[in-house]
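Below you'll find the structure, written out as structure tokens, and then a few comments.
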Amino acid sequence: FERNLDFWRQLWKIVELSDVIVQVVDARDPLFFESSDLSIYVKEVDSRKESVLLLNKADLLTEEQRKTWSKHFLESDTKALFFSATLEDESDGDNLQEAEIEFGSSQILRPDQVLSVMKNTMQAAETVTVGFTGYPNVGKSSTINRFLTKNRCR
């Protein structure tokens, strides 16, 4: 457990300010890197907030492994999306239409597709604030950099 109070203050602030909390996890072992307590806390703060798992490094999984994880997360009612911070625009999510993109897909999505799913999740909101969290070495910085350089996010 983290004993640094500043760490907790930053996490609380992210949860408070964000509509969607994205837990970036390593797709090779997502249950190890997921914090179910954080997902529960997000809903306790505000029931309208959403918690999403972003399974980074999904390009290191086979399609069958992604389908298995996708089925697991659907059955456990966990919102999860597959992503790769290192893949350019050749991801296998290219052939998906915007209406087809949803939680439970085993496709590796581009940043614009991930954002589209999050916007659709918060339909009533005019703007959606997304906060990123995650353990060290899961690819948080690479993920954020990919979103910022490809989408020119604000």
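Every number here is computed from the coordinates shown, using simple stated rules; none is lab data. Everything numeric here is computed off the predicted structure, so don't read it as measured data. Counting neighbours? That spans all protein chains shown, and the Cβs are built from the backbone with ideal geometry, glycine included.
Here are some notes:
- Projected label points at Thr149 and Glu63, each 7 Å from Cα along the beta carbon direction, are separated by 2.8 nanometres.
- A Stokes-Einstein calculation at 25 °C with viscosity 0.890 mPa s, built on the Kirkwood radius of the chain over Cα pairs, returns a diffusion coefficient of 156 µm²/s.
- Cα-projected label distance for His72 with Glu16, points at 7 Å along beta-carbon direction, nm: 3.5
- Partner lysines whose Cα lies under 17 Å from the Cα of Lys71, excluding those fewer than 8 positions away in the same chain, are identified as Lys79.
- Net charge of Cβ neighbours under 10 Å - reference Thr121; Lys, Arg +1; Asp, Glu -1: -1
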